[in-house]
Amino acid sequence: MLRLDVLRMSLLASLTACGAAGHESEADATDGPQECTSPPSCEDPVELGDGFEQCADGAINRASASSFPDASVAGSSCSGTEDDDVGCKADSECFGPNGRCVHATAFDDEGNTFTYCTCKYACTSDSDCGPGEACIAPDVVSGTESWPTCQPAGCRTNADCGPCGECGVGSRFDGCSWHVALECRSASDQCRATSECDCYPDDDTGIFSCLGEDCYPGRPLLVEQRPRTAATEQRSDWLFGGGFADLRPDPELALHWLEIAALEHASVASFARFGLQLMALGAPPELLRATHMAARDEIEHAKLAYALASAHGHRTVGPGRLDLRGVRMTGAWREVVRGLIEEGCVGETLGVVEAMAAAKRTTTPTVRAVLDRIAADELRHAQLAWRSLAWLLGGAAPHDRAWALAQLGQAIERLQPLTAANASERVELHRQAAAEVLAPLAHTLAA
């Protein structure tokens, strides 16, 4: 059994805000209507109900907003006899619209069933949702609960998209959780219907693209929602301590550690960007110091992983040049908070959990030592992320704070559906971490 209770207490202890981040309140409204660059592509639309329509090519748009006055979260109420009730104990502890504290079931890392309590939220209309969100009816696309939920929205109806008039809905499974969003369609879109692929609007550009599974723990360098890594080169200066000569050749393990090494190497750039963002928002010195220390940790993680990849592959490898084209740099408060929640608070915490689970599974002492070190370092990085979020929320306007807490709640909620047919071991591990670690941290932060 993973000691997630110890991890939870370590992260809870880090939630001490070091001052407050002052910032100008950002506008609540979404961007204005886009300019129409091509005629509407939705032919022979058929009403699906709840404001949605389906075009002849399978694309689904939100033609009008709907209300759901009787909406409520399905599922049994938390009884108090669950194996773990740290997520919530009563409905009053759920801070979102129409929140319920419900009973849920998951599997631990050893395959044993355990029960827990978690908050789930239902919306009755768009007014229940925050800025940049809409109340989406259930069963419109894959990934939604069986009740209406607030989801990211660059538009709320076709009327928000100007003469083109298509407010499209997209969904995708990134390997860890489902994502659903609304965005205005454009001539630049690479796909239209989820029947083609996991067709989803890019967070930065709004362009609908076919996206695969790209869920990575830790803090990868993301460019247009995809991790950016350096190519592999033959070099020996990235081998930790001369390598691990005692490990046997194994092409599959070599590729596994090579992928990890490239992500750890790119994380150095990700922390460098985060350090600049913190400076743009006037962060205190302790957060900047911890951010630069985290980047140094990632260098060592990369060296360890490249050494393991080299040992299993029987050739010395390291990173080439990292392509920085398209890397966005923004000091906008909401953009920094959104990235911090997804990549730091959630991603780094899951990185700790995955490293702990991997260390427990391995039977090779040298590899276990590497994973134990990575887990310990990633714990400090997760603590940094939660401390940074607490600081950023400390000086936030009430509606900005509510928006951020809603973003955090949604990120955690996506990891823990009430049911998960044929869920992978990794998905179940993430669901366990969401229930036992992330949800309590979110409630503490909200309080």
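The values are calculated or read from the model by the stated rules, or taken from the named source; none is laboratory data. Keep in mind the model is a prediction, meaning the values are calculated, not measured. Positions of Cβ are backbone-derived with ideal geometry, glycine not excepted, and every protein chain shown enters the neighbour counts. What goes into the accessible areas is simple: the full protein's heavy atoms, side chains included, and nothing from ligands, DNA or RNA. Shrake-Rupley method; radii C 1.70, N 1.55, O 1.52, S 1.80 Å.
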Practice task
Within the stretch 169-199, track down each residue that is part of a strand (DSSP E or B) and closer than 28 Å to Val427 by Cα.
Solution key: Val169, Gly170, Ser171, Arg172, Phe173, Trp178, His179, Val180, Ala181, Leu182, Glu183, Cys199
Completion exercise
Picking from Arg273, Arg289, the residue that is touching a residue at least 12 places away in the same chain (Cβ under 8 Å) and basic (Lys, Arg) would be Arg273
Problem - Residues of the stretch 89-119 satisfying the condition of being at pLDDT below 75 and either more than 20 Å from Val353 (Cα to Cα) or open to solvent by less than 40 Å² (accessible area, probe 1.4 Å) (or both) - result: Phe95, Gly96, Pro97, Ala106, Asp108, Asp109, Phe114
Completion exercise
Of (1) open to solvent by 10 Å² or more (accessible area, probe 1.4 Å); (2) within 30 Å of Asp400 (Cα to Cα); (3) within 25 Å of the chain's Cα centre (by Cα), Pro285 satisfies every one except (3)
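Before we move on, is Val337 open to solvent by less than 30 Å² (accessible area, probe 1.4 Å) and either within 17 Å of Ala434 (Cα to Cα) or aromatic (Phe, Trp, Tyr) (or both)? Before the answer, list the steps.
Numbers: open to solvent by less than 30 Å² (accessible area, probe 1.4 Å): yes; either within 17 Å of Ala434 (Cα to Cα) or aromatic (Phe, Trp, Tyr) (or both): no.
No.
Which ones in the stretch 228-260 are over 16 Å from Ala307 (Cβ atoms) and surrounded by 18 or more Cβ atoms within 10 Å (Cβ to Cβ)?
Of everything in the stretch 228-260, those that are over 16 Å from Ala307 (Cβ atoms) and surrounded by 18 or more Cβ atoms within 10 Å (Cβ to Cβ) turn out to be Arg228, Thr229, Ala230.
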Practice task
Taking the residues in the stretch 125-144 that are closer than 19 Å to Cys199 by Cα and among the hydrophobic types (A, V, I, L, M, F, W, C) as candidates, determine which candidate is modelled with the lowest pLDDT.
Solution key: Val141
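Working only within the stretch 145-175, note down all residues that are under 30 Å from Glu354 (Cα atoms) and either out of contact with any helix residue (DSSP H, G or I) (no Cβ under 7 Å at 6 or more places or on another chain) or at pLDDT 90 or above (or both).
As a first pass, look at the stretch 145-175 and keep what is under 30 Å from Glu354 (Cα atoms): 145-146, 149-152, 170-175.
Matches in the stretch 145-175: Glu145, Ser146, Thr149, Gln151, Pro152, Gly170, Ser171, Arg172, Phe173, Asp174, Gly175.
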Practice task
Could you check, for the stretch 437-447, whether at least one of its residues is more than 20 Å from Leu12 (Cβ to Cβ) and open to solvent by less than 10 Å² (accessible area, probe 1.4 Å)?
Solution key: no
